[in-house]
Amino acid sequence: MGRPISSLYLACPDCDGLYTAPEIPVGDRVVCPRCGAHLVTERADFVSRAAALVLAAALFFVLANLFPFMTLKADYRESDMLLVGSVTGLQQQGFPILASSTDLCRSRLTSGGRGIRSARSRYRSAASKLPSRSSSSAR
């Protein structure tokens, strides 16, 4: 059987040309002979580079959750808010849209997109609690 059909051919995204996939040495790139568009590049150690980026992102995510996300100061009072508690804090303070957008971003980062539906439903419920803008005040 050999390789699957999809790995035997390269399609140009610009001119829709279909070419047989050559063996690509590390560091070389394949360009379309018809239009010159870049088709593919074989990079050395791409898995270790991606792993390093993921580890760095995880480290910064942990650090972002350890330190205060927001600090509010008024006279002699100071209130710190972590990223985890920022959604409920913003909603309790009367900022449901900002809370929903923060929750959307936080759930997107922590769950890889699985929490988008629940964040959207919380956004819709928060938006429905806002006072409606009616045109009755127009003359």
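The values are calculated or read from the model by the stated rules, or taken from the named source; none is laboratory data. Here the structure is a predicted model, which is why all the values come from computation and not from measurement. Here Cβ is always computed from backbone atoms with ideal geometry, including for glycine, and neighbour counts include all displayed protein chains.
Scan the range 55-76 and tell me whether some residue there is modelled with pLDDT of 85 or more and either surrounded by 12 or more Cβ atoms within 10 Å (Cβ to Cβ) or of a type in the set (Lys, Arg) (or both). Checking the range 55-76: not a single residue is modelled with pLDDT of 85 or more and either surrounded by 12 or more Cβ atoms within 10 Å (Cβ to Cβ) or of a type in the set (Lys, Arg) (or both). Assess whether VAL26 counts as being more than 21 Å from the chain's Cα centre (by Cα), loosely packed, with under 11 Cβ neighbours inside 10 Å and of a type in the set (Val, Ile, Thr). Answer is yes for this residue.
For the range 92-118, filtered to residues that are at pLDDT 80 or above and either exposed (fewer than 12 other Cβ atoms within 10 Å of the Cβ) or among the basic types (Lys, Arg) (or both), the residue that is farthest from LEU59 (Cα to Cα) is GLY94.
I'd like to verify a number: residues in the range 46-60 that are closer than 17 Å to ARG106 by Cα and more than 16 Å from the chain's Cα centre (by Cα), how many? Number of matching residues: 1. Give the range 1-34 a look and list any residue that's charged (D, E, K, R), farther than 19 Å from PHE46 by Cα and either in contact with a strand residue (DSSP E or B) (Cβ under 6 Å, 6 or more places away or on another chain) or modelled with pLDDT under 80 (or both), or say none. Matches in the range 1-34: ARG3 only. Applying a threshold of 8 Å to beta carbon distances and a minimum spacing of six or more residues, or different chains, the list of pairs starting in the range 83-95 at a residue that is under 11 Å from PRO68 (Cβ atoms) and ending at one that is part of a loop (DSSP other than H, G, I, E, B) reads LEU83/PHE69; SER86/PHE69. Applying the criterion of at least 2 residues that are touching a Phe, Trp or Tyr at 6+ places or on another chain (Cβ under 7 Å) to the strands (runs of 3 or more DSSP E) found wholly in the range 1-94 leaves 9-11, 18-20.
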